[in-house]
Amino acid sequence: MKVSANIGSMDAIQLSVFASRIAAVCDEMGAMLRRVALSPNIKDRLDFSCAVFDAGGELCAQAAHIPVHLGSMAYAMAGIVGQLQWRRGDMVMVNDPFLGGTHLPDVTLIAPVFSGEQLVGFVANRAHHADIGASSPGSMPISTHLDEEGVIIPPSYLLRGGALDQDFLDAIVGATGNAAQSRGDFAAQVSANRTGVARLAALVEGMGAAPFEQALLALNDYAERLAASALAELPAGEYSFEDLMDDDGLGHENIPIRARLTVTEGTVAVDFTGTADQVAGNINCPLSVAAAAVYYVFRCLMPSQTPACAGSFRRIQLQAPEGCLVNARRPAAVAAGNVETSTRIVDVIMGALAQAIPERIPAASHGSMNNVAMGAREGLRWDYYETLGGGMGAGPQGGGLSALQTHMTNTLNTPVESLEMHYPLRIRRYQIRRGSGGEGARPGGDGLVREFEFLRPTRVTLLTERRRHAPWGLNGGAAGACGVNQLDGQPLPAKHSFQAQPGQRLTLATPGGGGWGSGDGRDKPL
């Protein structure tokens with residue numbers, strides 16, 4: 001199916017320039033946020049995302065940041081902005097997972113953009129705060145209730161008409177252990193939005209509000225045509241797949257996620273009926289997070305020039321029973337749903353697509369963000385959070401890459417120098433986990449090994465997956481090796497909280513990616 005370049009009053013070159021200009025607003029917001037932030041989690045790991053929305057809250061553009069942030073904002077932003085009255089200079093803060101957030105550490109700031117008296121759009125950024133007031137250091141506890149995961153922020157005005165609500169900010173910052181760092185990170189988010197407001201307003205003023213709106217319509221229509229063309233390449237039919245979460249950290253194991261894809265020409269419907277009910281532990285997720293995972297997979301099938309806007313997702317329908325693992329009801333615990341369950345949803349959707357287009361779909365990647373949260377609540381209070389990479393699944397075009405973040409996260413590691421400078425930790429080993437990728441004609445990528453030595457008493461929480469169910473191979477390829485967590489050489493559960501003493505060592509060996517195609521592979525590690 002060939003996509004027409006006819007885009008109404010704009011020609012293809014004009015539309016391409018417009019798409020680049022609006023995307024550049026997001027890039028500049030991200031650059032500002034990174035430069036101004038104080039915490040290693042934001043300035044070093046780049047655990048943040050920036051986007052632009054139209055006056056109705058539909059996605060217009062995004063930077064190449066974190067898929068789970070961006071997809072969930074795209075799904076939920078219209079509901080957030082539609083319930084508020086907006087004035088020039090406003091800025092709203094929200095982290096409530098059941099009102100458009102993901103999990104509590106991800107705090108979103110939204111600012112309106114006006115042309116004269118007319119509301120023309122919004123800019124937003126979402127950043128992960130390693131301390132959002134949970135009793136557990138790193139604010140990623142093994143929780144059973146949303147209230148245990150930190151401060152819950154419904155959509156609330158941080159700035160109203162340009163005036164800062166100091167009492168509101170003090171209350172949020174006061175719940176954290178490092179008020180100066182927390183205040184600095186929020187200031188960075190405010191600065192990023194102010195940059196976005198200025199740049200987007202300048203773009204609108206240069207074009208005029210009406211031409212700007214017409215350009216957005218053209219951009220979304222073009223994106224929808226590209227998406228429809230890509231989806232039309234999928235053979236019509238129904239395709240189902242099931243994969244399992246290891247556990248919820250509270251004794252519930254082998255928890256299924258099931259999806260059925262119904263493909264018709266140019267459209268796809270995704271139905272999660274049959275997925276497990278929400279569980280006691282924190283691997284539940286709101287529907288916005290499930291949508292982000294689904295959008296991500298199908299976005300990967302679209303041409304690289306497809307604009308990152310709402311039109312890209314109009315042909316994708318989503319259904320999940322209320323109260324199931326991927327559409328949990330308040331007040332379910334969700335801290336790990338954003339990071340671990342979203343990743344498994346990707347595997348499930350890709351597993352179904354592998355039945356439709358086996359020549360295009362890779363094997364499963366490491367399938368866990370391998371979350372490590374730690375710190376102290378007595379004496380010198382500190383909070384550290386990091387996700388670790390693993391092996392990428394191999395595909396028909398090549399073997400998997402090793403030791404990197406895949407799919408729903410797009411963060412970096414915390415550099416060893418930064419980690420040891422900011423926290424009472426020492427990195428004893430940081431290396432590729434050789435031989436952990438699945439064997440095959442094209443082998444899966446290898447995971448990594450990261451070993452921490454504790455220099456002070458430290459409370460640690462691990463939220464990891466693929467410790468029981470290995471990343472699957474495709475077309476005869478072997479599964480990647482499961483991940484392994486150890487304290488002083490002794491095995492630890494996939495989800496676990498414990499007190500570490502100085503001199504003890506925590507080792508995480510992350511999963512490898514699945515292999516693709518039958519053939520000689522490599523030896524597996526012990």
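A compact table of results
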read-out	value
Any pair with Cβ under 7 angstrom, 6 or more apart, that starts in region 321-341 at a residue that is free of Cβ contacts under 8 Å to residues at least 24 places away in the same chain and ends at one that is open to solvent by 10 Å² or more (accessible area, probe 1.4 Å) and among the basic types (Lys, Arg)	GLU322/ARG329
Residues (over 23 Å from HIS103 (Cβ atoms) and open to solvent by less than 10 Å² (accessible area, probe 1.4 Å)) located in region 303-354	THR306, CYS309, GLY311, SER312, GLY351, ALA352, LEU353
Pair list, Cβ < 6 Å and 6+ apart or interchain, from region 158-177 residues that are on the phi > 0 side of the Ramachandran plot to residues that are open to solvent by 60 Å² or more (accessible area, probe 1.4 Å) and modelled with pLDDT of 95 or more	GLY161/ARG87
Subset of region 254-273 (residues that are more than 24 Å from the chain's Cα centre (by Cα) and either outside any loop (DSSP other than H, G, I, E, B) or over 24 Å from ALA223 (Cβ atoms) (or both))	THR262, VAL263, THR264, THR267
Subset of region 351-385 [outside any loop (DSSP other than H, G, I, E, B) and within 24 Å of GLY435 (Cα to Cα)]	GLY351, ASN371, VAL372
Cβ pairs under 7 Å, 6+ apart, first in region 203-223 and in contact (Cβ under 8 Å) with a residue 60 or more places away in the chain and within 22 Å of SER312 (Cβ to Cβ), second of a type in the set (D, E, K, R) and open to solvent by 10 Å² or more (accessible area, probe 1.4 Å)	LEU203/ARG21; LEU216/ASP54
Residue within region 387-396 that is touching a Gly at 6+ places or on another chain (Cβ under 8 Å) and either part of a strand (DSSP E or B) or without any contact (Cβ under 8 Å) to a residue 40 or more places away in the chain (or both) present	yes
Residue in region 397-407 that is open to solvent by less than 40 Å² (accessible area, probe 1.4 Å), assigned to a loop (DSSP other than H, G, I, E, B), aliphatic (A, V, I, L, M) and modelled with pLDDT under 95 present	no
Candidate set from region 59-85 (those that are surrounded by fewer than 17 Cβ atoms within 10 Å (Cβ to Cβ) and modelled with pLDDT of 90 or more); member that is farthest from the chain's Cα centre (by Cα)	GLN85
Residue list for region 169-213, filter: open to solvent by 60 Å² or more (accessible area, probe 1.4 Å) and outside any helix (DSSP H, G or I)	ASN178
Filter result for the condition that a residue is on the phi < 0 side of the Ramachandran plot, within 23 Å of the chain's Cα centre (by Cα) and not charged (D, E, K, R), over LEU425, LEU419	LEU419
Top-ranked residue of region 428-477 - restricted to ones that are hydroxyl-bearing (Ser, Thr, Tyr) and either within 22 Å of the chain's Cα centre (by Cα) or on the phi > 0 side of the Ramachandran plot (or both), ranked as surrounded by the fewest Cβ atoms within 10 Å (Cβ to Cβ)	THR461
Residues located in region 87-137, provided they are assigned to a loop (DSSP other than H, G, I, E, B) and more than 23 Å from LEU70 (Cβ to Cβ)	ARG87, ARG88, GLY89, GLY116, GLU117, ASP131, GLY133, ALA134, SER135, SER136, PRO137
Close pairs (8 angstrom Cβ cut-off, 6 or more residues apart or separate chains): at positive phi in region 43-58, among the charged types (D, E, K, R) and outside any loop (DSSP other than H, G, I, E, B) anywhere	LEU46/ARG34
Among the residues listed as ILE357, ILE361, the single one being surrounded by 21 or more Cβ atoms within 10 Å (Cβ to Cβ), at pLDDT 95 or above and under 23 Å from ILE316 (Cβ atoms)	ILE361
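The values are calculated or read from the model by the stated rules, or taken from the named source; none is laboratory data. Since this is a predicted model, take the numbers as computed values, not measurements. Here the Cβ is made from the backbone with ideal geometry for all residues, glycine too, and neighbour counts use every protein chain on show. Surface accessibility is based on the protein's heavy atoms, side chains included, excluding ligands, DNA and RNA. Shrake-Rupley method; radii C 1.70, N 1.55, O 1.52, S 1.80 Å.
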